[in-house]
Structure formats: structure tokens, C-alpha cells
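Read the structure below first, then the notes.
The values are calculated or read from the model by the stated rules, or taken from the named source; none is laboratory data. None of the values given here were measured: they were computed from a predicted structure. Here the Cβ positions follow ideal geometry from the backbone for every residue, glycine too, while neighbour counts run over all protein chains shown.
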Amino acid sequence: MISPANNIVSAAWLNQQLSDAVLAASIVVLDASAFMPDVPRDPQQEFIDVRIPTARFFDFNHKIAAPNTDLPHMLPSADLFTTEVAKLGVNNTSHVVIYDSQGMFSAPRGWWMFKAMGHDNVSVLDGGLPAWLAAGYATQTGEPAAIESGDFCAKFRPNWVIDADTLCQKLDDKQIQIIDARPSARFLATVKEPRAGIRSGHMPNAKNLPFGNLLVNGHFLATEQLKQQFDGLSNNQQQLIFSCGSGVTACILALAAQQAGRDNVTVYDGSWTEWGANENYPVVK
């Protein structure tokens, strides 16, 4: 068992754990693959085609998301999260390891959701499925076998998430720093937003750290390099509030910040999809 503080694990480490029946019994592997709306790929079909052994599909776009909202994949209630995650065989004592098929894109969203729901023993696979395949480790295909439900019970931590109205009141607060994970062209409004009806630009006093700046070939930069990225934008005392297009890549920044030693991290779940669509929220271009 690793320390809960170790948020990132390697393919070699995971393979070693899964190769030992005793160690594997405490691990639940989740595939949290998801794609942008304009990407013609089906993550669930790809999961059936090839996956890490024993993996289950963590569907935060549909099943593990708040219902009755126009915003994509919003964090669900603790009750809904408990129900759906228990179906995946997760126990309160499980070490959850999350990966995605792009290397490092949507898996951190799953990591953040577990953190927000009170489960600290959760890690992201550095390099994701591509790293696993490149190492030549075993895979599974076809429909996964039926499993027993776990005893997972969520305990919501409100400090991990912030809503638009609360954030709007904090825009001038020097104790926080908003950091936007979108590409610079979108942050600076030199290109249009990919979603229709969304204004271009960024929040007042926000700073830009495109999520790709923290990665090399689907792997995170070394911890010291991550520290340098965040030290250049904020001080150690500030609460870091991360935003992006729809709350997915903001979680890459949240994970990287934790890895860099920043403990006070929060994700704005609605992100620019919500903010840019509502004229009541100020925008800077």
C-alpha cells in the first residue's frame, strides 16, 4: 500500500501490484476515459476493446454525474456517487487507480471526484493506457465479468469544489488565485470557444496555465518542475481555484498542484461552459 499522498503511480508499479494476488485484492482499477464533444471516439467501446486487467469503466459523463442540468458532467450528489461507485466494486478501504486512454486527460477528473467525495486513497496512472501498452503488460478485452458491489460510502468535502456565484464574489480576493487550464488562445480570446453561445475571454484576475504545459507525452513533469510552474503564478498561502472548458482539464492542474505540495486546491466545476454562457459573470478579453 502506498501513502495516500502519492497521487501518481507508474505502469510498472501497477503491474507489480496486479501481479500479486494479495496486493491486487485491495486495488480497484478504473478507466475514466472521456473525449471532447467533437472527437468521434466512443470511450466505452474502446474500454471493451482493450483495457487494463480487472478495470471497470468510470462513466463520469453519464452515470456518475449530476442529473437535470444543462452543464456537462457536473459533480453528482454524495448519494448518487456512493451508489454508482459501489457498483464498481469500490470499498472504503480500496486503493483506487484511475487511468485514461489518452495518457493524461480525463483520469484526473476521476481522481478529483474521489477526493471531493472523501476518498484519499486514489491515484492516477502516469501515462495512462498508452504507457501500459508501451510496456507490453497484459490487457483484457470483451465485456467485463460481473462483480460484487463494494461498501463505498461518500463523504462530501465542499472545499474541493466551488460554484459560479461563490467564485464571482471572490474575484478580487488576494487570498485566492484562479488558474485557467485552457489553451492560451482561448484564454486571451484570440480564437472562438468551441461550444456555441459561449463568450471568449477569461475571468478577472485569472492567470493562464495551459494543462499541456505540465505534461510530456502523457506523463507529468518532475515534481520540482511542477513546483516551479505554480510558484510562478501564486504563493504558497493562496487557495488555488482551477477552471477550464468544462471541468476536466482543470483537474489536471489540481492533481499537479497537489503533487507540487499545494494542499488548498479547488475546482470550479461549471468552468467556462457555465461562466462564458452567463452575461451576469464578468469576462476579460
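Computed values, structure above
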| quantity | calculated |
| --- | --- |
| Residue that is nearest to Ala24 (Cα to Cα) [pool: residues in the range 87-102 that are buried (at least 18 other Cβ atoms within 10 Å of the Cβ) and among the hydroxyl-bearing types (Ser, Thr, Tyr)] | Ser94 |
| Condition check for Ile98: of a type in the set (A, V, I, L, M), within 21 Å of Ser234 (Cβ to Cβ) and in contact (Cβ under 8 Å) with a residue 24 or more places away in the chain | no |
| Single match in Asp59, Asp49, Asp70, Asp79 (criterion: farther than 23 Å from Val161 by Cβ and either modelled with pLDDT under 95 or in the same structural domain as Leu125 (by TED's automatic domain parsing) (or both)) | Asp49 |
| Residue that is surrounded by the fewest Cβ atoms within 10 Å (Cβ to Cβ), among those in the range 22-51 that are acidic (Asp, Glu) and under 24 Å from Met113 (Cβ atoms) | Asp38 |
| Residue check, Ser19 at pLDDT 95 or above, farther than 28 Å from Lys155 by Cα and surrounded by fewer than 16 Cβ atoms within 10 Å (Cβ to Cβ) | yes |
| Number of the condition not met by Pro67 [criteria: (1) within 18 Å of the chain's Cα centre (by Cα); (2) part of a loop (DSSP other than H, G, I, E, B)] | (1) |
| Check on Ser149, in the same structural domain as Lys87 (by TED's automatic domain parsing), part of a strand (DSSP E or B), in contact (Cβ under 8 Å) with a residue 60 or more places away in the chain and not hydrophobic (A, V, I, L, M, F, W, C) | no |
| Criterion (assigned by TED's automatic domain parsing to the domain that holds Gln45, within 22 Å of Thr273 (Cα to Cα) and among the small types (Gly, Ala, Ser)) met by exactly one of Ala116, Ala135 | Ala116 |
| Residue within the range 12-22 that is without any contact (Cβ under 8 Å) to a residue 24 or more places away in the chain, over 30 Å from Ala196 (Cβ atoms) and either assigned to a loop (DSSP other than H, G, I, E, B) or basic (Lys, Arg) (or both) present | yes |
| Residues that are free of Cβ contacts under 8 Å to residues at least 60 places away in the same chain and within 15 Å of the chain's Cα centre (by Cα), drawn from the range 70-95 | Pro76 |
| Hits in the range 70-100 (condition: touching an Asp or Glu at 6+ places or on another chain (Cβ under 9 Å), part of a loop (DSSP other than H, G, I, E, B) and closer than 23 Å to Val9 by Cα) | Gly89, Val90, Asn91, Asn92, Thr93, Asp100 |
| Leading residue by the ranking (surrounded by the fewest Cβ atoms within 10 Å (Cβ to Cβ)) among those in the range 151-194 that are touching a helix residue (DSSP H, G or I) at 6+ places or on another chain (Cβ under 6 Å) and farther than 21 Å from Ala257 by Cα | Val191 |
| Residue identified as among the charged types (D, E, K, R) and surrounded by 18 or more Cβ atoms within 10 Å (Cβ to Cβ) among Glu148, Glu84 | Glu84 |
| Number of the condition not met by Gly103 [criteria: (1) under 17 Å from the mean Cα position of the chain (by Cα); (2) not in a loop (DSSP other than H, G, I, E, B)] | (2) |
